[in-house]
Each structure stands twice: as C-alpha cells, then as structure tokens.
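Written out below as structure tokens is the structure these notes cover.
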C-alpha cells in the first residue's frame, strides 16, 4: 500500500516538475538566442502605430496579433505618400530600441537595425525583430525613395508575453490537493482493513 502511495506522489511531483521547468524555460527563451518563427498571414497582423511626418508621409507598423509582444516577430511597415498612395521601391531600414528611463533602465541591449525587404503588396515592407523586453519602444524608420531620404519615429508598447504565474500556481496547488487527498483516502482505507 505504501509503495502505491509513494509511487503516485513521486509521479505527480515529476509531472509537475517537468511542466514547471518547461514553462520557466519558455519564459527564459525570450532573452536567449533568437528562435526562428514563421510569418503570420497578413490578415492576422494588427496595426500597432501610425505616424505622419512633416511631408505628410504615413508610416504604419504592424505586428502579428493586435499588440506587439515579446518574442521574435515578423513585422510589416506600410509607407504611404501625402496622396495616400503606396511608396514602392524604397530602401527601408528601421532602428528598434527600448525607451530608456534614466539610471533605473540599464538595458544591456544596443538598438537593432533591421533592413526591410519589399512585401507582397505595394508600399509594404517586412522584417524580423527580437522584442526582448516588455515596455515602451521606438522604431526610427528611414527610407529612400524617388531621390529623397526621409525618416520618422514610431512609438509603441510591447506586452509581456511570459507565463501566467497565477494559472501555473493554481495548477500546482490543484495537483498538491489531489496528492494529499489521495494519501489521506489511502490511509483511511488501509486503517479500516
């Protein structure tokens, strides 16, 4: 009887440990080496931010989903001229950086420059970025088209996409309650026998 209880407890502890380790590893993966991702279809990309510069050029940054979240991300930049016509054939680069808030923000990451490639639609450009931390970010867009070089800055927030510790804690608590209940029931059953 005791071997059965101990075996059940050990199995539950092992399963919980494996699950917890996997969740923690996936959280730590956002600060590790970039992992490859597949681009989301255009229909799944939500608008994050739009800006018009002094020449009335519109730049719109889009990430998969409604908001930018921590991870490697394929993103789109849409450029439109003052007449709302797509700007095609431009040479585009975007410099991504976290907003630094004085001495408390000692980020060890340098700004990341991404050279974009033309997308599937006119005025659309795509690239990949590792958004390594949640918080306020800037994207400095620089593009050369029709003999002119222009730039504009876009501001956006990155959401924390780490594990939900409340859910994980609830799961671990439920497993512990099940283990304790099983041990008590086994003990009562063996006492009656």
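Every number here is computed from the coordinates shown, using simple stated rules; none is lab data. Keep in mind that this is a model prediction, so the values were computed, not measured. With ideal geometry, Cβ positions are generated from the backbone for all residues, glycine too; neighbour counts draw on all protein chains shown.
Some points to look at:
- The stretch between residue 146 and residue 82, if pulled fully straight at 0.36 nm per residue, gains 21.7 nm over its current Cα-Cα span.
- Ranked list, fewest to most other Cβ atoms within 10 Å of each Cβ, for 166, 78, 184: 166, 184, 78
- Burial ordering of 132, 125, fewest other beta-carbon atoms within 10 Å first: 132, 125
- Efficiency of FRET between residue 109 and residue 156 - r from beta-carbon atoms, R0 22 angstrom, step 0.05: 0.85
- Computed FRET value (nearest 0.05) for residue 56 with residue 166, which takes r as the C-beta separation and R₀ as 30 Å: 0.05
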